[in-house]
1. Could you tell me which of the residues Asp249, Asp226 is over 30 Å from His486 (Cα atoms), among the acidic types (Asp, Glu) and touching a residue at least 40 places away in the same chain (Cβ under 8 Å)?
2. Anything in the stretch 630-658 that is acidic (Asp, Glu) and farther than 13 Å from Ser615 by Cα? List them, or say none.
3. Just need a number here: residues in the stretch 279-303 that are modelled with pLDDT of 80 or more and either open to solvent by 20 Å² or more (accessible area, probe 1.4 Å) or within 27 Å of the chain's Cα centre (by Cα) (or both).
4. Within the bounds of the stretch 537-558, is there any residue that is open to solvent by 20 Å² or more (accessible area, probe 1.4 Å), of a type in the set (Ser, Thr, Tyr) and under 27 Å from Val463 (Cα atoms)?
5. Which residues, counting only those in the stretch 667-706, are over 22 Å from Ser615 (Cα atoms), in a helix (DSSP H, G or I) and among the β-branched types (Val, Ile, Thr)?
6. Residue check, Ile627 against (1) at pLDDT below 90; (2) over 48 Å from the mean Cα position of the chain (by Cα); (3) open to solvent by 10 Å² or more (accessible area, probe 1.4 Å), all met but one. Which one?
7. Checking Glu124 against (1) open to solvent by 70 Å² or more (accessible area, probe 1.4 Å); (2) in a helix (DSSP H, G or I); (3) among the acidic types (Asp, Glu), which single condition isn't satisfied?
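The values are calculated or read from the model by the stated rules, or taken from the named source; none is laboratory data. Worth saying up front: this structure is predicted, and the values here are computed from it rather than measured. Here the Cβ positions follow ideal geometry from the backbone for every residue, glycine too, while neighbour counts run over all protein chains shown. Calculation scope for accessible area: heavy atoms of the full protein, side chains included, ligands and nucleic acids excluded. Shrake-Rupley method; radii C 1.70, N 1.55, O 1.52, S 1.80 Å.
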Amino acid sequence: MASVHESLYFNPMMTNGVVHANVFGIKDWVTPYKMALLVLLSELGRAGAQLGLLERRRLNRLLLPLLQGPDMPLSRLLKAIEESCSHLASSVHIRLKLMAEGELKDMEQFFDDLSDSFTGTEPEVHKTSVVGLFLRHMILAYNKLSFSQVYKLYTALQQYFQNDEKKNGIDESDMELTNTEELEGKMEKEELDVPLREEEISCSGPLSQKQAEYFLSQQASLLKNDETKALTPASLQKELNNLLKFNPDFAEAHYLSYLNSLRVQDVFSSTHSLLHYFDRLILTGAESKSNGDEGYGRSLRYAALNLAALHCRFGHYQQAELALQEAIRIAQESNDHVCLQHCVSYLQQDFDFISPHSVNKSLHFGLPYLASLGIQSLVQQRAFAGKAANKLMDALKDSDLLHWKHSLSELIDISIAQKTAIWRLYGRSTMALQQAQTLLSMNSLEAVNVGVQQNNTESFTVVLCHLAELHAEQGYFAAASEILKHLKERFPPNSQHAQLWMLFDQKIQFERAMNDGRYHIADSLVAGITALNSIEGVYRKAIVLKAQNQMSEAHKLLQKLLIHCQKIKNTEMVISVLLSIAELYWRSSCHTIALPVLLQALALSREYSLQYLASETVLNLAFSQLILGIPEQALNILHMAIEPVLAHGAVLDKGCAMFLVAKCQVASAASYTPQKKIEALESAILNLNEAKTYFAKVDCKEQLRDVLYFQARLFHTLGKTHERNKCAMLFRQLHQELPAHGVPLINAFK
């Protein structure tokens, strides 16, 4: 019994770090590091008025993290004190040296003198202050030690101080090493490295309950608000494993381990940690104490609900449905309407159907966050179903009222990111840009520490990615690179939202390589895109094959992708694939076969209110009519589609549209009178100049070459020799740089 009693009230790290009892049996214990803090507080009280206002302010700001944080080596502690007040650091060092090199009675006297801080009419420390509570905890913990424990504490203090002295000796010896004594110096250094390892072992023992709670809350807050300042996944897991080694029943540590595993998408570890969290929650009786006899069942049903949410996150919908059924069964037995409402929400998301009645029930049970998420899911579901944008924005306005009423900061961000994505889906890039800027200019409603960045959420990542893509589409590649650079710094590759910017980065690089005619580079990027998004990767592989004139391979790939996208109801990709298939038919001189494909794409884009894709489809139809010899009809339908493209389209699409207008004008001019024909050709040259400006902005050399060839022919027809020769020279330079693939000019729209 004596050995168990001692392990409960004394830091087990002084016995080789082996623990045979729950180290959180008491709130705190005395360690050499905490004795150094006690010396610091004592010297701070002695200094009194001698300290300047600025120095005292710095020390007060330093004290809280020192009191709450884990133990640290003496050198680090003295360095931290020295940055705030140099002479106080030397006083602490001298006092510790006298105590460590003195006798045991000096340490006894030191703890006896600590009680004097609370005496007198105006005591130095108030009993209920942070410092006062720390002093009282230390005095109480010291008074409970037996004589053998006091001796161990004194021995540990001596070792703590000697390790610091030896470390300083190593630093000095390193500075005095010369080239002639290099070998001897290395041998001495190796001998002195042994106490350093002992010091590391002695300072890596278990944390007290307060230290552990502070560490867990700090890391959880950083994971939520600023993941870059949290420990790396490997380092954090190492610390948590060390913490759980000393106290396996610490439920909160298991939960932080679950969050840490989610960062790296580790399914097995996250499931393991989540189950352990609820097991320990039930075993420790924490739920039963707070919720009465019903606490045990509450833990079970919420464990099943969280397990279902975890499976949903990783796309394991069958396992999620089984876990939800279990949660629903237990919740019905306990008549827990709140848990049932959560289950219903997840179940509806699993079947891609959100009922408005479910949203109303969430409001009825006082769950505004769940009601808001239901509205967001309902809006997303109806956006993919092709509902009008004004109705969706009205629904999001209702959810915004809930957010501001209940100060749901994270849901405000999600709502704005949702609006950005909806406007992008509908092809309104100007509105999407406005929403993205709105989120970037907002400050979080949640209180965070100084130096911690705000809005480090998934919605913020999504908005920045859209912003980078919008800049790249308009030819501002330097700005897009700056945004992506910021994303890489803010969300490192090991963070949980890094896959979003990685995909956008690969897509932007792919588009630049395609524009520049470097198909081998674009092909090498396909593997990276496929790893992040298989559908996008297959589509871009087909585009590369099409550009390399491998028509049959590209057609097979697009047909497979079309069947898959129709099966999963990815309408946006279905329309893009249909447009690519139509282009393959043009290149193969099957112009009449392309028309039904384009009409199918146009019907889908109008049914689902995808205005930009509808405009692009109309441009393709106009090109088909041009090929079939009816340029006048092509010009008529071009006027319907060109305005949305010029207002919201990418620079490349604007250039292609203006190039197509010029082609149609030239083809139509064949039947005009001579004077009217000259006017039409001059108008076509102006449109070609505009197209050339757009293509130059995105460095699209192949399209530039085609425009220059067309302009040279028009100048030759008009008898403008100087302009013709200039265009011919520029064409020759680009033609030598990019040899033709043998495709007729008229058979390529983009």
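1. It is Asp249.
2. Going residue by residue through the stretch 630-658, those that are acidic (Asp, Glu) are 632, 643, 653.
Of everything in the stretch 630-658, just one residue is acidic (Asp, Glu) and farther than 13 Å from Ser615 by Cα, namely Glu632.
3. Taking the stretch 279-303 first, the residues modelled with pLDDT of 80 or more are 279-280, 300-303.
Then drop every residue that is not either open to solvent by 20 Å² or more (accessible area, probe 1.4 Å) or within 27 Å of the chain's Cα centre (by Cα) (or both), which leaves 279-280, 300, 302-303.
Within the stretch 279-303, residues that are modelled with pLDDT of 80 or more and either open to solvent by 20 Å² or more (accessible area, probe 1.4 Å) or within 27 Å of the chain's Cα centre (by Cα) (or both) number 5.
4. Among the residues of the stretch 537-558, at least one is open to solvent by 20 Å² or more (accessible area, probe 1.4 Å), of a type in the set (Ser, Thr, Tyr) and under 27 Å from Val463 (Cα atoms), which makes the answer yes.
5. Ile678, Ile685
6. Going through the list (1) at pLDDT below 90; (2) over 48 Å from the mean Cα position of the chain (by Cα); (3) open to solvent by 10 Å² or more (accessible area, probe 1.4 Å), Ile627 breaks only (2).
7. Of the numbered conditions (1) open to solvent by 70 Å² or more (accessible area, probe 1.4 Å); (2) in a helix (DSSP H, G or I); (3) among the acidic types (Asp, Glu), the odd one out for Glu124 is (2).
The rows are residues; the columns are (1) under 38 Å from the mean Cα position of the chain (by Cα); (2) under 30 Å from Gln566 (Cβ atoms).
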| position | (1), (2) |
| --- | --- |
| Leu598 | no, yes |
| Ala601 | yes, yes |
| Ser609 | yes, yes |
| Leu652 | yes, yes |
| Val666 | no, no |
| Thr673 | no, no |
| Glu679 | no, no |
| Glu682 | no, no |
